[in-house]
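To start, the structure itself, in structure tokens.
Bear in mind that the values in this text are calculations on the coordinates, not laboratory data. Predicted model, so just to flag it, every value in this text is computed and none were measured. Here the Cβ is made from the backbone with ideal geometry for all residues, glycine too, and neighbour counts use every protein chain on show.
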Amino acid sequence: MGKSQFSIQFLGAAKTVTGSKFFLKLGTVGILVDCGIFQGYREIKEKNEDPLPIKIEEIDYVLLTHGHLDHVGYLPKLVKDGFRGKIYASSPTLDLAAIILMDSGKIQEEEALRNSRFHPHDEPEIPIYTAEDAREAIRHFQRVEEGDWIKLSSEISVRFQYIGHILGACFIEIEYQGKRMVFSGDIGRQKEILLKSYKKPEKADLLLIESTYGNRVHPDESGKEALKHAVLENAKRGGTLILPCFAVERAQTMMFLLWELLNKKQIPPIKMVLDSPMAAEVLELFSRFPSWHKISVEDLHALSSQFTIIKKFKESLHSVESDEPKIIIAGSGMLSGGRVLRYLQKYISDPDSTVALTGFQAVGTKGRRLAEGASTLRIYGKDYPVRARIVNFEMFSAHADQNDLLDWLSDIHVAPEKLMLIHGEEEATLELQEILKQKKAWDSYIPEPDEIVEL
């Protein structure tokens, strides 16, 4: 009997943070771990339109670490192009993915229509996928229990283990011919506000680990105190405080902290608005999956009652135009789209208002430009002078920092045969590589985009 083919191809998140897709070939079985889209600069996003450098029919299974768009957003295109297998993930991840993919499909359609109107003499733009394509992808979902081994074939078993980061997120272990492969996905933090601490792998022959913050230690400053200070400073000026948030986890974290501050009378009463239909749906998932987080159902109901939750677009426009001082939580977290842009059109040039960035800002996004001190911001084709106060809450990241990454690896006592550093910009990945060599005497490899590594 010949030697089985055993390889991995890095279809995304290699020397970049987005587009996670890793194609694992185990004998005759093909497994795609994560299926995300690229985000950031136009040149990066255009990769989403390119065909994958593999045959779709070679993919038998898709395994998802969590529900963020850069890990699940390519699924409708994959199914549209011919994938017919099952898509495995935890129940919260699949419910989150369903929400996110339907929203993404609608956005793809709207953007294609808008671009076609702006360029009426060109060929009509075709969306990468539609809401109907997203529905078709959702039909392939298969739920798994966290912590249980399941068999994909006589030789291949997989297990999903809790990793924090966002609701439902897991790292994935794959057993094949006595070898264990571990895919970290996005690792959470040792101490999280809403979520429990991550589980750790105990063995890894092949290990792929994210390196988003491989060169950074998060500030010790309390997120709650920083938020309190921003609210109080903004209240002195009587302006509007805008919190651009990821709809998943970050929006709910901001709501929880504001509710706590208000309950303890540490901030004055002020109108608080959640203007994100997706974040409102995700809030409902927190009630549906109480074992996946630390907040009681009673507290979730109590904090929800303190917010005006906007779902309809007309109500959102009314909220934007209202001059009443308020705190706005809206997407998207990197200012790449969503309702937050309407608020920025009105308030980014108002020196009495504040924009507080609440998470990682990818290269090429409007959020990254604000974080780096941009003097103007282009929104819907028009440049707006930045006069609002800009605050960057780096301590709110849901990604592990360098210390968390080392801690997550601390139960692995035998060095992996192959250690691959993924999901990071060059500076972060290179520093993590050096730290692993210094502190653990582990060698690691940084793969190139689309590279195939024989195992």
Using the number of other C-beta atoms within 10 angstrom as an exposure proxy, rank Asp50, Asp443, Asp133 with the fewest first.
Asp50, Asp443, Asp133
Charge-dipole axis of the stretch 169-295 as Lys and Arg at +1 and Asp and Glu at -1 on Cβ define it, positive-most pick from Ala247, Gln177, Leu227:
Leu227
Name all residues of the stretch 371-386 having a backbone nitrogen under 12 Å from the label point set 7 Å from the Cα of Arg237 along its Cα→Cβ direction, giving them as ranges.
386
Sort Leu377, Leu406, Leu232 so the one with the fewest other Cβ atoms within 10 Å of its own Cβ comes first.
Leu232, Leu406, Leu377
The convex hull of the Cα atoms of the chain, divided by residue count, gives a volume in Å³ per residue of 140
Answer in debye to the nearest 20: the dipole magnitude of the chain about its Cα centre, from +1 Lys/Arg and -1 Asp/Glu charges placed on Cβ, is 1020
Setting aside same-chain residues fewer than 8 positions from Lys80, which lysines have a Cα under 18 Å from its Cα?
Lys21, Lys47, Lys55, Lys106
Can you show me the helix-derived [θ] at 222 nm for the chain, built from DSSP H runs with n ≥ 4 at -39,500 (n - 2.57) apiece and divided by the number of residues, rounded to the nearest 500.
-9500 deg cm²/dmol
Cα coordinate range in the stretch 36-92, projected on the principal axes (Å, largest first):
31, 28, 14
Under 5 Å from the placed amide H of Gly30, counting only residues 5+ away or on other chains, we find Asp60, Tyr61
Hydrodynamic calc, the stretch 195-301: Kirkwood Rh from Cα pairs, then Stokes-Einstein at 20 °C with viscosity 1.002 mPa s, so D in µm² s⁻¹ is 129
So the angle from the long Cα axis of helix 426-440 to the longest Cα principal axis of the chain, reported in degrees to the nearest 10, equals 60
Take Arg42, project a point 7 Å from its Cα along the Cβ direction, then tell me which residues of the stretch 119-154 have their backbone nitrogen under 18 Å from it.
119-128
Sort the following peptides by mean Cβ neighbour count (other Cβ atoms within 10 Å, averaged over residues), highest first: 199-209, 52-62.
199-209, 52-62
For an R0 of 60 angstrom, estimate the FRET efficiency from the Cβ-Cβ distance between Asp352 and Thr28 and round to the nearest 0.05.
0.40
Please give the length that would be gained between Glu284 and Lys271 if that part of the chain were fully extended, namely 0.36 nm times their separation in residues minus their C-alpha to C-alpha distance (nm, one decimal).
2.5 nm
Using each residue's phi in the stretch 297-313, evaluate 6.51 cos²θ - 1.76 cosθ + 1.60 at θ = phi - 60° and report the 3J(HN,Hα) Karplus result to the nearest Hz, with x for Gly and Pro.
4, 4, 5, 4, 5, 5, 5, 4, 5, 8, 10, 7, 9, 9, 10, 7, 5
Determine the percent antiparallel among the DSSP beta bridges restricted to the chain, to the nearest 5.
45
Could you estimate the translational diffusion coefficient of the stretch 223-396 from the Stokes-Einstein equation, with Rh from the Kirkwood formula over C-alpha pairs, at 25 °C and 0.890 mPa s, in whole µm²/s?
152
Give me the lysines in straight-line cross-link reach of Lys346: C-alpha distance below 17 Å, same-chain residues under 8 apart excluded.
Lys314, Lys326, Lys366, Lys382
Between the modelled labels at Glu132 and Glu57 (7 Å from Cα along Cα→Cβ) the distance in nm is 2.5
How high is the FRET efficiency from Glu49 to Lys312, r the C-beta distance, R0 45 Å, rounded to 0.05?
0.90
Once the mean of 1/r over all distinct C-alpha pairs in the stretch 323-449 is inverted, the Kirkwood radius in Å reads 17.3
If each residue's Cβ is checked for other Cβ atoms within 10 Å, how do Ser7, Ser336 rank with the fewest at the top?
Ser7, Ser336
How many angstrom lie between the C-alpha centres of the stretch 26-70 and the stretch 393-455?
21
Which of the aspartates and glutamates could a cross-linker bridge to Lys200, judged by Cα under 12 Å and excluding same-chain residues fewer than eight apart?
Glu173, Asp404, Asp407, Asp411
In units of 2.2 N^0.38 Å, the Cα radius of gyration of the stretch 1-96 is 1.08
Relative to the longest principal axis of the C-alpha atoms of the chain, give the angle of the C-alpha long axis of helix 250-263, reported between 0 and 90° and rounded to the nearest 10°.
40
Please give the contour-minus-distance gain from Ser291 to Arg117: 0.36 nm per residue of separation, less the Cα-Cα distance, rounded to one decimal in nm.
57.9 nm
